[in-house]
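Derivation of every value follows stated rules applied to the coordinates shown; laboratory data play no part. Keep in mind it's a predicted model, so treat the numbers as computed, not measured. Cβ placement follows ideal geometry from the backbone for every residue including glycine, while neighbour counts extend to all protein chains displayed.
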Amino acid sequence: MKRFFLYRVIYFILFYIPVYSHAEWDEQRGDVTFGGSITATPCFLSNESIYQRIDFGQISTSSLIPSFSATRMIEIKLLGCSLAAEKDINKAGSSAKITFLGRQSQQNPQLWAVSGEASGIALQLLTETNTPIPYGSEGSDFQLIEGDNTLRFAVKLIANMDQITVGEFYSIINFTISYH
């Protein structure tokens, strides 16, 4: 009888205590943070449009002449536009305007400045039809349709000084969407 009791104690020690202890050693903790915003707008901005990175790659100084500049496209996607309710209140929400803001170029106040090693260059924003968008101005109306809409713009890297210094550059341009 004592032997049976001893076997039970040994069995318990060998199999239950290590499993319990081992489970504690492998325990890890983490956190998940949730956030967002609720808006009273007829559309919502797609996640891929909120933070975009436009890479110009390597650009030769000889290609930065006004008639031939490096150009890239920007797309701002508005999803799930529901215009029916907004049209009843003074047609608010049937069109959108985009305002671009950032650091203004000192050499040409209509352009956006760049930072970094490179100098003598700036960014120019254009509508889809190649019309320059002046710094800080509210662009032309984009007529919205029910559902998804894509607003397209171009950005040009141009020389804004006679002397260009080579090196890496970057710029951050923010945009605001207003519905009318």
Please arrange Thr165, Thr127, Thr176 by counting, for each residue, the other beta carbons lying within 10 Å of its beta carbon, fewest first.
Thr176, Thr165, Thr127
Here FRET efficiency (C-beta to C-beta, Glu146 to Thr176, R₀ 22 Å, nearest 0.05) is 0.45
With Cβ to Cβ distances under 11 Å as the rule, what net charge do the other residues near Ala154 carry (K, R +1; D, E -1)?
+1
Mind sorting Phe142, Phe34 by how few other Cβ atoms lie within 10 Å of their own Cβ, fewest first?
Phe34, Phe142
Please arrange Val155, Val32 by how many other C-beta atoms lie within 10 Å of their C-beta, fewest to most.
Val32, Val155
